[in-house]
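Okay, structure first, notes after.
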Amino acid sequence: MNCLSCQQDLPPTARFCSSCGTPCATASAAAPAAVTAAGPAAAAPPPADERKPVTVLFCDLVGSTALSGVLDPETLRTVTLRYFEAMSAEIVARGGTPEKFIGDAVMAVFGVPVVRDDDARRALAAALGMRRALARLNEELAATLGIELAIRIGVNTGQVVAGSDRTARQALVSGETVNIAARLEQNAGRGEILIGPGTLLAAGPTVSAEPTGPLRLKGKRDSVEAHRLLALGADDPELLRRFDVPFVGRDAERRTLDAALERAVREGTAGLLRVTGEAGIGKTRLVREWLAGRSASGGLAYGAGRCRSYGDHGTLAPLADAVRSLLAATEPSEGPQEAADGPAVGGLAVGDAMALLSGGLLRDGTPNAPFEDMCAALATVLERAALVRPVVLVLDDWHAAAPLLVRTAHRLTDGSGCAGVLVLCAGRPDGPEGPDDDGPPTGAGALLQLTGLPYEEAARLAAVLAGPDGGIPGTDPILERAGGNPLYLEQLLVGDRADAGGGVAGSGAEAGAGGAAGEELPPTLQALLGARIGALARAERDVVDLAAVIGREFTAPELVRLQSSVRDAEGHGMTSQRQLVDEALEALGRRRLVESGPGGDRAAAEAYRFSSGLVHEVAYASLSKRAKAERHAWAAELPSVLRSGDGAVGGHLERAYRYRAELGLLDDRARRLRDRAAAALGRAGAQAAARSDLHWAHGLL
Ligand SMILES: Nc1ncnc2c1ncn2[C@@H]1O[C@H](COP(=O)(O)OP(=O)(O)OP(=O)(O)O)[C@@H](O)[C@H]1O
Ligand SMILES: [Mg+2]
């Protein structure tokens, strides 16, 4: 066989060209599967590691050696086990993973196995919960053994490398973020919770904390700006986000909401409308703006509640909150309380209905039994309120709704009454009813799907967010990165991008993924997007991982080609992947991570792009360096890249080399990659210089 690149004669089993380092699998574009049997990296372990934003918590006992002098060893062991149990329970209750027990210390990670956008807040809630749990344990220990335990806690947020192999001897997560969390814990005083700068930013403005001043941590050259955690405030998006910024656009969506309410009044039965869209797209804001406008003019009365995926509350708490706030907002003269002795609605006296609900649902959010009686009582109360004016119940963060809540909402809106009541369920696409599709409204209620703001409106919002001195020049790339998502815009333009020290290093804004090199993404964005990408099914994630290396735009055939190269190199076989890739792309489209892209010279039907520059950046940043090194080497051989010319080929080779170098793998292969990259970039630079494109030439050379 001959090398495609330099035509060197090679033995049939060669994986690389011994002369120029080109992977031999690329020698035949027409039959990649047949040739990739001799891929370049068959010996390399699968790139299972990923980089992800997590929050790490360390908790240790203070003065435990003194205890061992006081307590019998068996008693000490029992006490320590109870301490571990109590601490672990607080971590697990907030979705954290206790990863290691080292001596008397507990290390927990929030973000493993899946990243959530509120991992930092969960970790802080756990830390405060651990302090309370210890106080409870201490009451008992003081009474029975006359001792008191004390803990100190350190919490830090940032990128880590997470291994996927739980059986491996290595820690599941590693990196500077973990070291800083451990050092913060060691620097904390008795009962103190010290948090790193990344955590403070990621947890949002309702965290109450005081600065400790710069801390010099062992093993770190630079000092770290740590804070002492005092309290964790409410997580209402109105407090955490910028609901004060003027609302733009969404006229059609407001009309859809109007129409849904009018239908509920006209048709004499309760309606259910699901408002869906990716995180930060503006579901909560839209619903609140609409409610504020309509209720100010007396057009409706409403109550709202939010679903939560963790915490101590009744299963139907969001519904209970919504009904309670509706009743509180309804004038006493027109509310159900006043009508307690009034006429029955739908066969049940309002007073009886209220009495029933007050003993369960409205007390603590727990369901009343039997289920049908509770639904009948609810319908009675809502219908009574809607006699005065239409009623809207908002159940926000519907993606976290418990199955019983979904069942209750559907029962209330199944067409059997409750005139003038509209239930609005606002949440991210992957709610309890599975990923949304674009099909017609189903029995589960009509669907209002929010997509990104159109360019004009996004530009208007960007101008407001940037402020009078914000300088509109330069917002264009920001608009491109945000892809119409108002929260992304907000975070890019005003999100606290204060230097977060070691806490948030290594974000998605790396060269190669479109972001300005050296610029770091706000931790909130890393977590938001990391959560969306982390929640993908394996096949979808595989496609995202491959596409991220190709670029913001890519095609299905490129993915198939790259996938068979990588799979083969990793020893996963060579089945035809086209159908699987197409299915994954369809699913990614439904999740709004990927969209059909501009065709260019590619066949339009096969062209795709990441829905925003940020999605691409974060997808790219979540790949391990090893995976990037391997995949860029393969990507340099894609026919489309070869057609694009030396600049594109050299760019991939240069990155393949750089990531290998960063891993310390300066072997023959790395040197060949470097030489090929230099040659390709040199040729591209010379061509650019010949065309007098000096700026481009300078970048290449
Ligand atoms: N049309 C808009 N005009 C101006 N700002 C907007 C608009 N839509 C959303 N925003 C802003 O974007 C941010 C995110 O909005 P919001 O919290 O409503 O998103 P969401 O879709 O509910 O996200 P999540 O899924 O995380 O709950 C908020 O600060 C909000 O004020
Ligand atoms: Mg919301």
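Going by amide H atoms built from the backbone, whose H comes under 5 Å of the H on residue 160, apart from near neighbours?
Result for residue 160 returns 52, 54.
Would you mind computing, in nm to one decimal, how far apart the modelled labels at residue 145 and residue 363 are, each placed 7 Å from Cα along Cα→Cβ?
That separation, rounded to one decimal, is 3.8 nm.
Residues with amide H under 5 Å of residue 449's amide H, sequence separation 5 or more or different chain, H placed in the peptide plane at 1.01 Å from N; which?
Here 276 satisfy the definition.
Hey, what do the phi angles of the range 176-187 turn into as Karplus ³J(HN,Hα) couplings, whole Hz, using 6.51/-1.76/1.60 and θ = phi - 60°, x for Gly and Pro?
Once θ is set to phi - 60°, the couplings for the range 176-187 become 4, 4, 5, 4, 5, 4, 5, 5, 4, 4, 5, 8 Hz.
Determine the per residue accessible area of the range 50-239 with all protein chains present and a 1.4 angstrom probe, expressed in square angstrom.
Per residue, the range 50-239 has an accessible area of 45 Å².
Working out 0.36 nm times the residue gap between residue 228 and residue 75, then minus their Cα-Cα distance, what length gain in nm do you get to one decimal? Kindly include the intermediate steps, with their values, before the conclusion.
On the way: separation 153, 0.36 × 153 = 55.08 nm, distance 3.29 nm.
Gain on stretching residue 228 to residue 75: 51.8 nm.
Go through the range 216-229 residue by residue and turn each phi into a ³J(HN,Hα) via Karplus (6.51, -1.76, 1.60, θ = phi - 60°); whole Hz please, and just put x for glycine and proline.
8, 9, 4, x, 10, 5, 8, 6, 10, 7, 9, 10, 8, 6
For residue 312 and residue 114, what does the FRET efficiency come to when R0 = 35 Å and r is the distance between their Cβ atoms, rounded to the nearest 0.05? Mind dumping the intermediate values first?
Values: r = 22 Å, r/R0 = 0.62.
In this case the efficiency is close to 0.95.
Short version: ³J(HN,Hα) in whole Hz for each residue of the range 269-286, in order, from phi by Karplus 6.51 cos²θ - 1.76 cosθ + 1.60 (θ = phi - 60°), x for Gly and Pro, what are they?
For the range 269-286, the Karplus-derived couplings read 9, 5, x, 10, 10, 8, 9, 10, x, 4, 4, x, 6, x, 5, 4, 5, 4 Hz, x marking Gly and Pro.
Once label points are set 7 Å from the Cα along Cα→Cβ at both residue 686 and residue 186, what is their separation, rounded to one decimal in nm?
Result for the modelled spin labels: 5.5 nm.
Counting only residues 5 or more places away or on other chains, whose amide H sits under 5 Å from the amide H of residue 425 once H atoms are built in the peptide plane?
Excluding prolines and chain starts, which carry no amide H, the hits are 273, 274, 275, 395.
Which FRET efficiency value, to the nearest 0.05, is calculated for residue 220 and residue 292 with the Förster distance at 41 angstrom and r the Cβ-Cβ distance?
Details: r = 48 Å, r/R0 = 1.17.
About 0.30, to the nearest 0.05.
Would you please name the trypsin sites (Lys or Arg not before Pro) within the range 210-303 that are DSSP coil residues with at most 10 other C-beta atoms within 10 Å of their C-beta? Intermediate results must be reported in sequence, preceding the final value.
Numbers: sites: 216, 218, 220, 221, 228, 241, 242, 250, 254, 255, 263, 266, 274, 283, 285, 288, 294; in loops: 216, 218, 220, 221, 241, 242, 250.
Here the sparse-neighbourhood loop sites are 218, 221.
Test of understanding: what is the full-extension gain from residue 446 to residue 251, defined as 0.36 nm times their sequence separation minus their Cα-Cα distance? If you can, show how the numbers build up before the last one.
On the way: separation 195, 0.36 × 195 = 70.20 nm, distance 1.80 nm.
Roughly 68.4 nm would be gained on extension.
What number, in percent, do you get for the relative contact order of the range 50-239 if the mean sequence gap of Cα pairs under 8 Å and at least 6 apart is divided by its residue count?
23
Could you check the spin-label model distance between residue 239 and residue 578? Points 7 Å from the Cα along Cα→Cβ, value in nm.
Using points 7 Å along Cα→Cβ, the separation is 5.5 nm.
Any chance you could run the full-extension gain for residue 662 through residue 678? It's 0.36 nm times the residue separation minus the Cα-Cα distance, nm to one decimal.
Contour length minus the Cα-Cα distance gives 4.0 nm.
The values are calculated or read from the model by the stated rules, or taken from the named source; none is laboratory data. Just so we're clear, the structure is a prediction, and the values are computed from it rather than from any experiment. Every residue, glycine as well, gets a Cβ built from its backbone with ideal geometry; the counts of neighbours run over all protein chains shown. In case anyone asks, the SASA skips ligands and DNA or RNA and just uses the protein heavy atoms, side chains included. Shrake-Rupley method; radii C 1.70, N 1.55, O 1.52, S 1.80 Å.
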